[in-house]
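Engineer: Structure below; questions to follow.
The values are calculated or read from the model by the stated rules, or taken from the named source; none is laboratory data. Bear in mind the structure is a predicted one, so any value in this text is a computation, not a measurement. All Cβ positions, even for glycine, are placed from backbone atoms using ideal geometry, and neighbour counts span all protein chains on display. Note: accessible area is taken over every heavy atom of the protein model, side chains too, but ligands, DNA and RNA are not part of it. Shrake-Rupley method; radii C 1.70, N 1.55, O 1.52, S 1.80 Å.
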Amino acid sequence: MINRKSREEIKRMRHAGHIVALVHKKMREVVEPGISTLELDNIAMHVIKENKAIPTFLGYNGFPASICTSINEKVVHGIPNEKEILKEGDIIAIDVGATYGGMVGDSAWSYAVGKISEEKQKLMKATEEALFAGISKMRPGNVLDDISGAVEDVATSYGMGIVRNYGGHGVGHQMHEDPFLFNYRVGDKTPIKQGYVIAIEPMLNLGCDDVFTEDDNWGVVTKDRMPSAHFEHTVLATDDEPILMTTIMEG
Ligand code: MG
Ligand code: MG
C-alpha cells in the first residue's frame, strides 16, 4: 500500500533531500579525470555525516558503500573502487541516499568527465528531460501510468533504449516503498494523491534496452556495452505543483 506522508514526515524528508543535494553539489565540483570512485565515496560519506545524516545505501542488502558509481555502460549499482579512475570522456551516474530523522532522500545524477562525445551529451539530455517530463505528471488527477508514459515518450523521441528491469519507487521511512514506477507504459491506473512521495528515475541507454548483472551481483551493465544515463529526484505530490525534495534548501 502507498503511504501518504504527513506534514511532519515531509519536513524531515525535505531535510534528508537537502543533504543528498549537498552531496551532489560536491560531486559536481570533484568529478574530473584522475579521481577514483572510492575517493568520491569517501567525500560523499563525509558530507552526509557532517550533516548528521546516515548514508542510506551503506549496508542496504549488504551494499558496501555510501553511493553507487556507474560509469559509461554501467547503468546502476556500481560499487566504488580505488582502482576505478575517471577518465576524460566518461560519463558517471552517481546515486545518493541519505536518512535524516528516520526519513530517506534519494537522488541520482549523471556527470560528464571533461569533454564527452555528442552521443553521450544527447543521452544525458534525453534522460534529464525524461525525468522532468515525469515529474510534471506527479499530481493528483493523474495516475502512475501518466508519469511512466511521459518518461517513455521523451526516451522514444530521442531514440533511446529504456531499462526495463529497474524503475522508480515510493520512498519515505524506507528507501524502497510502494509503488514501483515503470519508465514505460504498463497501464497502471493507480491514482496519484497529495502526500505521495516517489523517486522518479529514468535509466536510458544509447543502445538496446537489455541489461545484465555483473559477477559481483551489484553492477548492472547494458548488454551491448553502450553508454547509459540515470537521473533521479525524490518528488512530493501536492494539491498544487509537484515539489522536488532532493534540491538544496535556500536560507
Ligand atoms: Mg537512487
Ligand atoms: Mg531510487
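Engineer: Going from the alpha-carbon gyration tensor of the range 1-45, what semi-axes, largest first and in whole Å, does one get by taking the root of 5 times each eigenvalue?
Structural biologist: The three semi-axes for the range 1-45 are 31, 11, 8 Å.
Engineer: May I pose another question? Can you give the FRET efficiency to the nearest 0.05 for N142 and K223, using r as the Cβ-Cβ distance and R₀ = 35 Å?
Structural biologist: 0.60
Engineer: Could you give the distance between the Cα centres of the range 87-129 and the range 178-251, to the whole Å?
Structural biologist: 12 Å
Engineer: Given H placed on each backbone N at 1.01 Å, which residues far from H233 in sequence or on other chains put an amide H within less than 5 Å of it?
Structural biologist: Residues meeting the amide H criterion: A108, I200.
Engineer: For the range 168-250, what is the Kirkwood estimate of the hydrodynamic radius, computed as the reciprocal of the mean inverse distance between distinct Cα atoms, to one decimal in Å?
Structural biologist: Over the range 168-250, the inverse of the mean reciprocal pair distance is 14.8 Å.
Engineer: The chain: Rg/Rh from Cα coordinates, Kirkwood Rh?
Structural biologist: Answer for the chain: 0.94.
Engineer: Please grab the % of Cα pairs in the range 107-251 that end up more than 20 Å from each other.
Structural biologist: Percent of Cα pairs beyond 20 Å in the range 107-251: 47.
Engineer: Quick one: grab the alpha carbon gyration tensor of the range 1-139, order the square roots of its eigenvalues as a ≥ b ≥ c, and give me rounded if a/c is under 1.5, else prolate or oblate depending on whether a/b is larger than b/c.
Structural biologist: Oblate.
Engineer: Still on this model: If you take the C-alpha gyration tensor of the range 36-115, multiply each eigenvalue by 5 and take the square root, what semi-axes do you get, largest first, in whole Å?
Structural biologist: Taking √(5λ) for each Cα gyration eigenvalue gives 22, 12, 12 Å.
Engineer: Sticking with this structure for a sec: Using a 1.4 angstrom probe on the protein heavy atoms only, could you order D215, D239, D178, D90 from most to least accessible area?
Structural biologist: From most exposed to least exposed: D215, D239, D178, D90.
Engineer: Please calculate how many Å² of accessible area the chain carries per residue, with a 1.4 Å probe and no DNA, RNA or ligand atoms counted.
Structural biologist: For the chain, the per-residue accessible area is 43 Å².
Engineer: For the chain, what is the mean residue ellipticity at 222 nm derived from helices alone (per DSSP H run of n ≥ 4: -39500 (n - 2.57); sum divided by total residues; nearest 500 deg cm²/dmol)?
Structural biologist: -9500 deg cm²/dmol
Engineer: For Y184, Y111, what's the largest-to-smallest order of accessible area, 1.4 Å probe?
Structural biologist: From most accessible down to least: Y184, Y111.
Engineer: Here is a further query. Mind listing which trypsin sites (Lys or Arg not before Pro) in the range 17-88 are in a DSSP loop and have 14 or fewer other Cβ atoms within 10 Å?
Structural biologist: Loop-located and lightly packed - K52, K83, K87.
Engineer: Going by accessible area, probe 1.4 Å, with all protein chains left in place, what is the ranking of L38, L181, largest first?
Structural biologist: L38, L181
Engineer: Pull out a ≥ b ≥ c, the square roots of the eigenvalues of the alpha-carbon gyration tensor of the range 18-81, then state rounded if a/c is under 1.5, prolate if not and a/b is larger than b/c, and oblate in the remaining case.
Structural biologist: oblate
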